[in-house]
Amino acid sequence: MEQLTQDLLERAKAVVSSQKKDYTEMGKVHRAITGTHYGCTPCNESRILYTLNSFINQPERFALRIKEAATEMEEQKQTSNYRFSKNATSKLIVLVTADSVIKVTPDNLTDEKAEAVLAHKQYAHNIERIPGTEPEQELTDDEDETETGTDEGSEDSSEDEQADVPATDSEGTEPEQELTLDQAQAKYEELTGQKPGSRNLNTLLKAIAEHESK
(Lines give C-alpha, C1' and ligand atoms only; values in the text may rest on other atoms or scores of the structure.)
Protein backbone atom coordinates (compact mmCIF):
# COMPACT_ATOMS: atom_id res chain seq x y z
CA MET A 1 0.00 0.00 0.00
CA GLU A 2 1.35 3.42 -0.95
CA GLN A 3 2.46 5.74 1.82
CA LEU A 4 -0.17 8.36 0.94
CA THR A 5 -2.97 5.81 1.20
CA GLN A 6 -1.56 4.47 4.47
CA ASP A 7 -1.39 7.96 5.97
CA LEU A 8 -4.96 8.69 4.92
CA LEU A 9 -6.09 5.36 6.33
CA GLU A 10 -4.68 6.23 9.74
CA ARG A 11 -6.22 9.70 9.65
CA ALA A 12 -9.61 8.29 8.60
CA LYS A 13 -9.56 5.79 11.49
CA ALA A 14 -8.73 8.59 13.93
CA VAL A 15 -11.61 10.72 12.65
CA VAL A 16 -14.14 7.89 12.81
CA SER A 17 -13.10 6.70 16.26
CA SER A 18 -12.93 10.14 17.86
CA GLN A 19 -15.79 10.91 20.24
CA LYS A 20 -15.46 14.64 19.58
CA LYS A 21 -15.59 15.20 15.86
CA ASP A 22 -12.93 17.40 14.31
CA TYR A 23 -14.89 18.65 11.33
CA THR A 24 -11.91 20.41 9.79
CA GLU A 25 -9.88 17.20 9.74
CA MET A 26 -12.93 15.22 8.67
CA GLY A 27 -13.40 17.47 5.67
CA LYS A 28 -9.70 17.37 4.74
CA VAL A 29 -9.48 13.58 4.88
CA HIS A 30 -12.68 13.16 2.89
CA ARG A 31 -11.45 15.59 0.24
CA ALA A 32 -8.07 13.85 0.02
CA ILE A 33 -9.80 10.50 -0.52
CA THR A 34 -12.58 11.56 -2.90
CA GLY A 35 -11.60 14.96 -4.25
CA THR A 36 -15.01 16.26 -3.16
CA HIS A 37 -15.29 19.31 -0.93
CA TYR A 38 -18.47 20.06 0.98
CA GLY A 39 -19.16 23.65 1.97
CA CYS A 40 -20.73 22.44 5.24
CA THR A 41 -19.01 19.41 6.73
CA PRO A 42 -21.38 19.02 9.74
CA CYS A 43 -24.35 19.06 7.37
CA ASN A 44 -22.83 16.15 5.45
CA GLU A 45 -21.38 14.28 8.44
CA SER A 46 -23.29 11.04 7.86
CA ARG A 47 -22.36 10.90 4.19
CA ILE A 48 -18.70 11.65 4.92
CA LEU A 49 -18.47 9.06 7.71
CA TYR A 50 -20.02 6.45 5.43
CA THR A 51 -17.32 7.15 2.84
CA LEU A 52 -14.54 7.09 5.44
CA ASN A 53 -15.75 3.74 6.78
CA SER A 54 -15.91 2.35 3.25
CA PHE A 55 -12.34 3.52 2.71
CA ILE A 56 -11.19 1.93 5.99
CA ASN A 57 -12.78 -1.41 5.04
CA GLN A 58 -11.61 -1.43 1.41
CA PRO A 59 -8.81 1.12 0.89
CA GLU A 60 -7.76 -0.44 -2.42
CA ARG A 61 -11.06 0.67 -3.98
CA PHE A 62 -10.06 4.30 -3.45
CA ALA A 63 -6.46 4.07 -4.69
CA LEU A 64 -7.09 5.61 -8.11
CA ARG A 65 -9.39 8.33 -6.76
CA ILE A 66 -6.78 9.30 -4.14
CA LYS A 67 -4.21 9.84 -6.90
CA GLU A 68 -6.70 11.94 -8.89
CA ALA A 69 -7.59 13.96 -5.79
CA ALA A 70 -3.91 14.61 -5.09
CA THR A 71 -3.49 15.92 -8.64
CA GLU A 72 -6.52 18.17 -8.25
CA MET A 73 -5.20 19.53 -4.96
CA GLU A 74 -1.93 20.38 -6.70
CA GLU A 75 -3.97 22.53 -9.05
CA GLN A 76 -5.15 24.51 -6.03
CA LYS A 77 -1.71 26.09 -5.89
CA GLN A 78 -2.24 27.66 -9.31
CA THR A 79 -3.40 31.25 -9.26
CA SER A 80 -6.63 32.08 -11.02
CA ASN A 81 -8.19 35.28 -12.27
CA TYR A 82 -11.58 33.99 -11.15
CA ARG A 83 -13.35 33.09 -7.92
CA PHE A 84 -16.71 31.81 -6.72
CA SER A 85 -19.08 34.75 -6.42
CA LYS A 86 -20.95 35.80 -3.29
CA ASN A 87 -24.16 34.85 -5.10
CA ALA A 88 -22.97 31.32 -5.81
CA THR A 89 -25.66 28.75 -5.11
CA SER A 90 -23.23 25.84 -5.14
CA LYS A 91 -19.58 25.30 -4.26
CA LEU A 92 -19.43 22.09 -6.28
CA ILE A 93 -20.14 22.31 -10.00
CA VAL A 94 -20.00 19.20 -12.14
CA LEU A 95 -19.63 19.69 -15.89
CA VAL A 96 -20.20 16.65 -18.07
CA THR A 97 -18.56 16.78 -21.48
CA ALA A 98 -18.24 14.23 -24.24
CA ASP A 99 -14.75 13.38 -23.03
CA SER A 100 -14.78 13.79 -19.27
CA VAL A 101 -16.47 14.90 -16.07
CA ILE A 102 -15.06 18.12 -14.62
CA LYS A 103 -15.57 18.90 -10.94
CA VAL A 104 -15.10 22.56 -10.05
CA THR A 105 -14.72 23.73 -6.45
CA PRO A 106 -13.22 26.84 -4.82
CA ASP A 107 -10.12 24.81 -4.07
CA ASN A 108 -9.36 23.57 -7.58
CA LEU A 109 -10.59 26.56 -9.55
CA THR A 110 -8.40 27.52 -12.51
CA ASP A 111 -8.96 29.98 -15.36
CA GLU A 112 -9.75 27.10 -17.71
CA LYS A 113 -12.35 25.60 -15.38
CA ALA A 114 -13.85 29.00 -14.58
CA GLU A 115 -14.29 29.80 -18.27
CA ALA A 116 -15.87 26.39 -18.82
CA VAL A 117 -18.41 27.17 -16.08
CA LEU A 118 -19.09 30.66 -17.43
CA ALA A 119 -19.89 29.13 -20.81
CA HIS A 120 -22.93 27.42 -19.23
CA LYS A 121 -25.74 29.87 -18.48
CA GLN A 122 -27.19 27.75 -15.71
CA TYR A 123 -23.90 27.78 -13.79
CA ALA A 124 -22.33 31.08 -14.82
CA HIS A 125 -23.68 33.02 -11.81
CA ASN A 126 -21.44 30.97 -9.52
CA ILE A 127 -18.21 32.38 -10.96
CA GLU A 128 -16.91 35.94 -11.24
CA ARG A 129 -13.68 37.52 -12.42
CA ILE A 130 -11.51 39.01 -9.67
CA PRO A 131 -11.55 42.83 -10.00
CA GLY A 132 -8.31 44.18 -11.40
CA THR A 133 -7.51 41.09 -13.46
CA GLU A 134 -9.48 42.14 -16.53
CA PRO A 135 -7.49 42.13 -19.79
CA GLU A 136 -6.74 45.53 -21.27
CA GLN A 137 -9.60 46.64 -23.47
CA GLU A 138 -8.84 47.07 -27.14
CA LEU A 139 -9.23 50.55 -28.58
CA THR A 140 -12.36 51.25 -30.59
CA ASP A 141 -12.00 52.44 -34.16
CA ASP A 142 -12.62 56.06 -33.13
CA GLU A 143 -10.13 55.89 -30.27
CA ASP A 144 -7.54 54.21 -32.45
CA GLU A 145 -7.94 56.88 -35.12
CA THR A 146 -7.55 59.77 -32.71
CA GLU A 147 -4.67 58.24 -30.78
CA THR A 148 -2.57 57.02 -33.70
CA GLY A 149 -3.04 60.05 -35.96
CA THR A 150 0.17 59.83 -37.98
CA ASP A 151 3.33 57.76 -38.06
CA GLU A 152 5.44 58.02 -34.92
CA GLY A 153 8.41 59.50 -36.69
CA SER A 154 6.46 62.41 -38.16
CA GLU A 155 3.70 62.80 -35.60
CA ASP A 156 4.79 66.05 -33.94
CA SER A 157 5.80 67.88 -37.09
CA SER A 158 2.78 66.83 -39.18
CA GLU A 159 0.35 67.67 -36.40
CA ASP A 160 1.88 71.13 -35.95
CA GLU A 161 1.76 71.77 -39.68
CA GLN A 162 -1.88 70.67 -39.98
CA ALA A 163 -3.19 72.14 -36.77
CA ASP A 164 -4.22 75.45 -38.32
CA VAL A 165 -5.44 74.06 -41.66
CA PRO A 166 -9.23 74.41 -42.04
CA ALA A 167 -11.00 71.04 -42.14
CA THR A 168 -13.12 70.08 -45.13
CA ASP A 169 -16.02 67.69 -45.49
CA SER A 170 -16.31 64.75 -47.91
CA GLU A 171 -17.28 67.11 -50.77
CA GLY A 172 -14.24 69.26 -50.32
CA THR A 173 -16.09 72.25 -48.84
CA GLU A 174 -15.31 73.83 -45.53
CA PRO A 175 -17.67 72.93 -42.69
CA GLU A 176 -20.21 75.50 -41.63
CA GLN A 177 -18.49 76.15 -38.32
CA GLU A 178 -14.72 76.05 -37.88
CA LEU A 179 -13.31 75.08 -34.51
CA THR A 180 -9.97 75.82 -33.00
CA LEU A 181 -7.85 72.93 -31.74
CA ASP A 182 -8.85 73.66 -28.11
CA GLN A 183 -12.53 73.82 -29.05
CA ALA A 184 -12.31 70.58 -31.01
CA GLN A 185 -10.65 68.79 -28.10
CA ALA A 186 -13.32 70.05 -25.70
CA LYS A 187 -16.15 69.05 -28.04
CA TYR A 188 -14.67 65.58 -28.61
CA GLU A 189 -14.49 65.03 -24.84
CA GLU A 190 -18.09 66.26 -24.44
CA LEU A 191 -19.36 63.89 -27.14
CA THR A 192 -17.42 60.78 -26.20
CA GLY A 193 -16.75 61.24 -22.50
CA GLN A 194 -13.07 60.55 -23.20
CA LYS A 195 -10.08 62.83 -23.48
CA PRO A 196 -8.82 63.07 -27.07
CA GLY A 197 -5.63 61.19 -27.80
CA SER A 198 -4.61 63.44 -30.71
CA ARG A 199 -3.72 67.09 -31.25
CA ASN A 200 -4.45 66.84 -34.96
CA LEU A 201 -7.34 69.20 -35.72
CA ASN A 202 -8.42 67.39 -38.90
CA THR A 203 -8.48 64.04 -37.13
CA LEU A 204 -10.49 65.45 -34.23
CA LEU A 205 -13.00 67.14 -36.54
CA LYS A 206 -13.54 63.90 -38.47
CA ALA A 207 -14.08 61.99 -35.23
CA ILE A 208 -16.53 64.67 -34.02
CA ALA A 209 -18.44 64.53 -37.31
CA GLU A 210 -18.70 60.74 -37.09
CA HIS A 211 -20.10 60.89 -33.55
CA GLU A 212 -22.60 63.62 -34.45
CA SER A 213 -23.83 61.66 -37.46
CA LYS A 214 -24.70 58.57 -35.33
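The values are calculated or read from the model by the stated rules, or taken from the named source; none is laboratory data. Predicted model, so just to flag it, every value in this text is computed and none were measured. Backbone-built Cβ (ideal geometry, glycine too); neighbour counts: all protein chains shown. For accessibility, only protein heavy atoms count, side chains too; no ligands or nucleic acids. Shrake-Rupley method; radii C 1.70, N 1.55, O 1.52, S 1.80 Å.
Report the dimensions of region 1-134 along its three principal axes from the alpha-carbon atoms, largest first, rounded to Å.
Projected onto the principal axes, the Cα atoms of region 1-134 cover 47, 31, 26 Å.
For a quick check of your reading of the filter: which GluC sites (Glu not before Pro) in region 1-69 sit in a DSSP loop and have no more than 12 other Cβ atoms within 10 Å?
Those that pass, being in a loop and sparsely packed, are GLU2.
Using a 1.4 angstrom probe, figure out how much accessible area region 1-64 has per residue, in square angstrom, rounded to the nearest whole.
60 Å²
Give the shape of region 1-40 as rounded, prolate or oblate, defined through the alpha-carbon gyration tensor: a ≥ b ≥ c are the square roots of its eigenvalues, a/c under 1.5 means rounded, and otherwise the shape is prolate if a/b is larger than b/c and oblate if not.
oblate
Which pairs, out of LYS28/LYS91; LYS21/LYS86; LYS91/LYS121, put more than 18 Å between their alpha-carbon atoms?
The pairs that break the limit, which is 18 Å between Cα atoms, are LYS21/LYS86.
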